[in-house]
1. Scanning for something open to solvent by less than 50 Å² (accessible area, probe 1.4 Å), modelled with pLDDT of 95 or more and either among the hydrophobic types (A, V, I, L, M, F, W, C) or farther than 25 Å from L36 by Cβ (or both), does region 156-170 turn up at least one residue?
2. So which of L34, L12 is under 12 Å from R131 (Cβ atoms), of a type outside the set (V, I, T) and open to solvent by less than 50 Å² (accessible area, probe 1.4 Å)?
3. Counting just the residues of region 80-109 that are at pLDDT below 95 and of a type in the set (V, I, T), which one comes out surrounded by the most Cβ atoms within 10 Å (Cβ to Cβ)?
4. Test L122 against the stated conditions and say whether it is surrounded by 21 or more Cβ atoms within 10 Å (Cβ to Cβ), farther than 18 Å from D50 by Cβ and modelled with pLDDT of 90 or more.
5. Of all the residues that make up region 37-66, how many are open to solvent by less than 20 Å² (accessible area, probe 1.4 Å) and either small (G, A, S) or at pLDDT below 95 (or both)?
6. Within the set of pairs 6+ apart or on separate chains, which have a first residue in region 133-156 that is closer than 11 Å to F180 by Cα, a second that is of a type outside the set (A, V, I, L, M, F, W, C) and open to solvent by less than 60 Å² (accessible area, probe 1.4 Å), and C-beta atoms under 6 Å apart?
7. If you take just the strands (runs of 3 or more DSSP E) that sit entirely in region 108-184, which of them hold at least 1 residues that are at positive phi and out of contact with any strand residue (DSSP E or B) (no Cβ under 6 Å at 6 or more places or on another chain)?
8. Could you check how many residues of region 141-155 are of a type outside the set (A, V, I, L, M), surrounded by fewer than 19 Cβ atoms within 10 Å (Cβ to Cβ) and farther than 21 Å from L11 by Cβ?
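The values are calculated or read from the model by the stated rules, or taken from the named source; none is laboratory data. In this text, all values refer to a predicted model and were calculated from it rather than measured experimentally. Using ideal geometry, Cβ is built from the backbone for each residue, glycine included, and neighbour counts are taken over all protein chains shown. Calculation scope for accessible area: heavy atoms of the full protein, side chains included, ligands and nucleic acids excluded. Shrake-Rupley method; radii C 1.70, N 1.55, O 1.52, S 1.80 Å.
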Amino acid sequence: MQNALAFSHQLLKEVIQPGEIAVDATMGNGHDTLFLAQLVGRSGQVYACDLQEQALANTRQRLTEANLLTRVTLLHCGHEELDRHLPEQKIKGAIFNLGYLPQSDKAVITLPETTIAALEILLDRLAYRGRIVIVCYYGHPGGQAELDEVRAFCQALPQKEYSVLNYQFVNQQNQPPLLFCIEKIAKSKD
């Protein structure tokens, strides 16, 4: 069985094709951003955001070393501000890694209210059969509250419009991350 991170990549690889738009809503150290840049190819674009300068610097370096920086728009903002930066084109995939930036200040964490706002923005722009993957790390102060909010949000999505998967290991120690995957199953009316 795959851990949450590996499974998140599999879920996105199944739907994102070259030329499409993808979002890394919590760029962190740039691992997911790099993965998405490889998926969208030369003709696609990734929009990656983070509040922390360290995340932008780490991601820029990772993308530069892989010669993929031109495929990514790096945004120094919170994910709740994505609507101001995304193109009109529909998004095929997005990923969140909720919690804190590894090897940094653990007091700087993602917050339920900004995460839900970002999810609402991305759902509005999600393409038919597009997916949003949310990996919730919750073993830190504030993490359980965010997990509870994300779970409630996902459970409340109308099943005629979205399919929602919850993936987790239930017998592991140290609060292993939980994964939610939201797939849009209803075609837009516009």
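1. yes
2. Checking each option against the conditions leaves just L12.
3. I109
4. On the way: surrounded by 21 or more Cβ atoms within 10 Å (Cβ to Cβ): yes; farther than 18 Å from D50 by Cβ: no; modelled with pLDDT of 90 or more: yes.
No; evaluated as a whole, the condition is false for this residue.
5. Qualifying residue count, region 37-66: 5.
6. Listed by first residue and then by second, the contacts come to V133/S8; V135/S8; V135/N97; V135/P177; C136/P177; L147/Y138.
7. It comes to 126-136.
8. Initially, region 141-155 is screened for residues of a type outside the set (A, V, I, L, M), giving 141-144, 146, 148-149, 151, 153-155.
Pick out the ones that are also surrounded by fewer than 19 Cβ atoms within 10 Å (Cβ to Cβ) and you get 141-142, 144, 148-149, 151, 154-155.
Add one more test, that the residue is farther than 21 Å from L11 by Cβ, and what stays is 141-142, 144, 148-149.
Number of matching residues: 5.
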